[in-house]
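> One structure follows; several queries about it will come next.
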Amino acid sequence: MFGIIVYMREAKMQYAWIDGSMRAVRAAPEIAELGRAVHTYLANTRSARHPVEVGEDLRQLRHLQDLLELDFSRRAAEYAATDQAEREGSATVQDWIRHECRMSATAADAAVCAGQQAANLHLSERAVDRGDIGFGHFVLMARTARALADSPSGQPFDEAPLLRQAIAHSVGRFRHDCAHARHAADAKGVLAEHVADVEARYLELRSGEGGAWFLRGFLDSVGGATLRTALEPLARFSGADDTRSRSRRLADALVELSAHALDTGAIPSTHSVRTHLQLTACAETLAGTPGAPAGGLEHAGPIPAATVQRLACDAGITRVLLDAKQAPLDVSRERRLPGVSTRRALQARDRGCVWPGCERPVSWTSAHHIVHWAHGGKTELNNLVLICHRHHWMVHEGGWQLARTQDGTVIKLPPAPDRQPTARAPDGAAA
Ligand SMILES: [Zn+2]
Ligand SMILES: [Zn+2]
């Protein structure tokens, strides 16, 4: 029994008061012997092996590692039964293992749980011994046993039927088997956990430098699956020239989904006014005149003229004339949206985004003015094309140009070298 009070470190040796005398802390002799065997094994020159033999080496090595994992977990449970970790200043045994054994929090908890449940898992221990299941299976089994034991509504854990599934299935599939078994034995407990996860949902939107936003959050399994299912189809590569990373495509998909919900009026209205982005800009900004101030967008702050032009490209515009003291003189509605018949003809002609290779359907596009109406372009069929959110962005902010050839085909022209977009890392200081 340890009765430690003081620790001293000298070279790598630890000393502690053990049963009344100061002694060097050493690993058990059998572990020292194992260490020598491992070092001899690692020092041996490896002979050339046929790939089939390498496969067998991997199987055997993994089995030995599984046996050691199981032994580690038994010792972890033995340690957890004492208050030694707390005496050494750790909040929990898992925390002590995480730090002292250089493991992840999940792996440390898996070890303690597997060791503590081993008494209820004799059949599974023997299955690991024989190599019928891996330590990964054993941990899932232990977690299921622990969840049922800890739940006031849980039925007693039944090892045998679950072990049969563990022997037959991969660790990934066995995770689902365990979830089903747990639900069958404790539907109330599983529901309570799900409800707790939904209650724990959160989404933080924090503003950073230059009007940018940082997102952080947590979603329960169903909420997360709903978001993922909605984003995945929008986050696919669009066209052969799409070089965006997966995370960039998911972020673009989230913005596009939100814009689409606003454009289609799917967001509940407030005071009978459809929820929309409030954009303000002077005529010079809209026309892209050099020296003009930036535009203004609610929740974003100042935004570039190119963005003003995109947002105004297919939008109902309210013109507000201001006097010298910025007081409104006159408010009038301007018609920049294609009329019903023009839009129908446009939809029938373009049948979706016109960007070569893009497959966004009509309902996910806007009408882009090839010559912007702020530059005198007409809101007529021959000056309009349907374009999706991303490609509309590439035209206005990204510097690409769309042109229609004599035969009506739409071609895209890349931006001049000085307009190639450059990615910047989010500002860490504002994170
Ligand atoms: Zn446009
Ligand atoms: Zn497109």
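Every number here is computed from the coordinates shown, using simple stated rules; none is lab data. Quick caveat: nothing in here was measured; it's all calculated off a predicted structure. Here the Cβ positions follow ideal geometry from the backbone for every residue, glycine too, while neighbour counts run over all protein chains shown.
> Can you give the relative contact order of the chain as a percent, counting alpha carbon pairs under 8 Å and 6+ residues apart? Don't skip to the answer; put the middle values down first.
Values: 501 pairs, mean separation 29.1, N = 431.
Once divided by the residue count of the chain, the mean separation gives 7 percent.
> Once you sort the root eigenvalues of the Cα gyration tensor of segment 157-243 as a ≥ b ≥ c, which label holds: rounded (a/c under 1.5), prolate (a/b larger than b/c) or oblate (the other case)?
It comes out oblate by the Cα gyration axes.
> Taking the simple approach of a point 7 Å from Cα along Cα-to-Cβ for both L34 and V171, what is their distance in nm?
For the pair L34/V171, the computed spacing is 1.8 nm.
> Assign one of three labels to segment 56-196, namely rounded, prolate or oblate, based on the Cα gyration tensor with a ≥ b ≥ c the square roots of its eigenvalues; rounded applies when a/c is under 1.5, prolate when it is not and a/b is larger than b/c, and oblate otherwise. Mind dumping the intermediate values first?
Details: a/c = 1.91, a/b = 1.08, b/c = 1.77.
It is oblate, given that a/c is not under 1.5 and a/b is not larger than b/c.
> How far is helix 171-185 tilted, in degrees, relative to the longest principal axis of the Cα atoms in the chain, given as a value from 0 to 90 rounded to the nearest 10?
Helix 171-185 sits roughly 80 degrees off the main axis of the chain.
> Now for a separate question. Provide the per-residue ³J(HN,Hα) series for segment 33-40, in order, calculated from phi with Karplus coefficients 6.51, -1.76, 1.60 and θ = phi - 60°, each as a whole number of Hz, with x at glycine and proline positions.
Using θ = phi - 60°, the values come out as 5, 4, x, 5, 4, 5, 5, 4 Hz.
> Go through segment 133-142 residue by residue and turn each phi into a ³J(HN,Hα) via Karplus (6.51, -1.76, 1.60, θ = phi - 60°); whole Hz please, and just put x for glycine and proline.
Values per residue, Gly and Pro as x: 9, x, 5, x, 4, 4, 5, 5, 4, 5 Hz.
> Using the alpha-carbon atoms, what tilt in degrees (0 to 90, nearest 10) does helix 51-80 show relative to the longest principal axis of the chain?
The angle comes out near 70 degrees.
> Right, here's the next one. Which FRET efficiency, nearest 0.05, do S221 and V25 yield, Cβ-Cβ r, R0 30 Å?
Result of the calculation: an efficiency of 0.10.
> Ranking L61, L254 by Cβ neighbours within 10 Å, fewest first, what do you get? Don't skip to the answer; put the middle values down first.
Numbers: L61 11, L254 16.
With the fewest neighbours first, L61, L254 line up as L61, L254.
> Could you go through segment 281-286 in sequence order and give the Karplus-derived ³J(HN,Hα) for each residue, using 6.51 cos²θ - 1.76 cosθ + 1.60 with θ = phi - 60°, rounded to whole Hz, and x for Gly and Pro?
Once θ is set to phi - 60°, the couplings for segment 281-286 become 7, 8, 4, 5, 5, 4 Hz.
> Can I ask one more? Go through the chain and flag any cysteine with no other cysteine's C-beta closer than 4.7 Å, please.
If one checks each Cβ against the other cysteines of the chain, C101, C113, C178, C282, C313 turn up with nothing under 4.7 Å.
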